[in-house]
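Engineer: Got a structure here, written out as structure tokens. Questions coming.
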Amino acid sequence: MIRGMDRRRMLLFLLLNVIVSACVTGTILFYYDRNLRATSPVPVFVPKSQQEPGSSTTGGNPASSGDIQIVSVVGADNLGAEVIILRYLGEGQVDLGNWQIRDEDGNTFLFPSIALVKGGAVQIHTSAGTNTVVDLYWNMTAPIWESGETASLYDASGKLIESYKVP
């Protein structure tokens, strides 16, 4: 009888330990994501107003369509989780001002005047929020992306640069 009670107490202790560990880990990751990641010294994009005079940009189009990629569309059909991740692999900078991301239903995100630097990335959230160095917000009130739908990136002249099929 005593052994059965000790096992039950041990299982409750282990369960409590798992729950506390998960809460602590979640809190640390949330704090890192909201506070430390946004202050990263690596430049992701440079607003045009902060570019140095004479700095090189690639203008409206990158050197080739492979230089800028839609890396992923995450959280389809969940407003709070929907994110599009873009990455620039070309040389210098690319001006994304007036570029667009469109879905098959005609929803369009218009990029603010920014320059994405070599190796830089930016996340476009479907939900509402305040734009930061690494996160742009579409300010929609409902999810946009569905599995199987195509996300398309267009430059300022309307030329298709990249397409990505949402998993």
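The values are calculated or read from the model by the stated rules, or taken from the named source; none is laboratory data. Everything numeric in this text was worked out from a predicted model, so none of it was measured. FYI the Cβ positions are ideal-geometry reconstructions off the backbone, even for glycines, and counts take in every protein chain you see. The area values use the complete protein model at the heavy-atom level, side chains included, leaving out ligands, DNA and RNA. Shrake-Rupley method; radii C 1.70, N 1.55, O 1.52, S 1.80 Å.
For every residue, the table says whether it meets (1) more than 15 Å from the chain's Cα centre (by Cα); (2) exposed (fewer than 13 other Cβ atoms within 10 Å of the Cβ).
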{"residue": "86", "(1), (2)": "no, no"}
{"residue": "96", "(1), (2)": "yes, no"}
{"residue": "101", "(1), (2)": "no, no"}
{"residue": "142", "(1), (2)": "yes, yes"}
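Engineer: Right, next: Among (1) in contact with a Gly (Cβ under 9 Å, 6 or more places away or on another chain); (2) assigned to a loop (DSSP other than H, G, I, E, B); (3) open to solvent by 50 Å² or more (accessible area, probe 1.4 Å), which single condition is residue 133 missing?
Structural biologist: Answer for residue 133: the failing condition is (1).
Engineer: State all residues of region 75-107 that are among the polar types (S, T, N, Q), under 14 Å from residue 150 (Cα atoms) and in a strand (DSSP E or B); if no residue qualifies, say none.
Structural biologist: Listed by number, the list holds a single entry, 100.
Engineer: Out of the residues in region 118-130 that are closer than 20 Å to residue 97 by Cβ and of a type in the set (S, T, N, Q), which is least open to solvent (accessible area, probe 1.4 Å)?
Structural biologist: By that ranking, first place goes to 123.
Engineer: Something else now. Of the residues 113, 72, only one is modelled with pLDDT of 85 or more and either open to solvent by less than 30 Å² (accessible area, probe 1.4 Å) or of a type in the set (Val, Ile, Thr) (or both); which?
Structural biologist: 72
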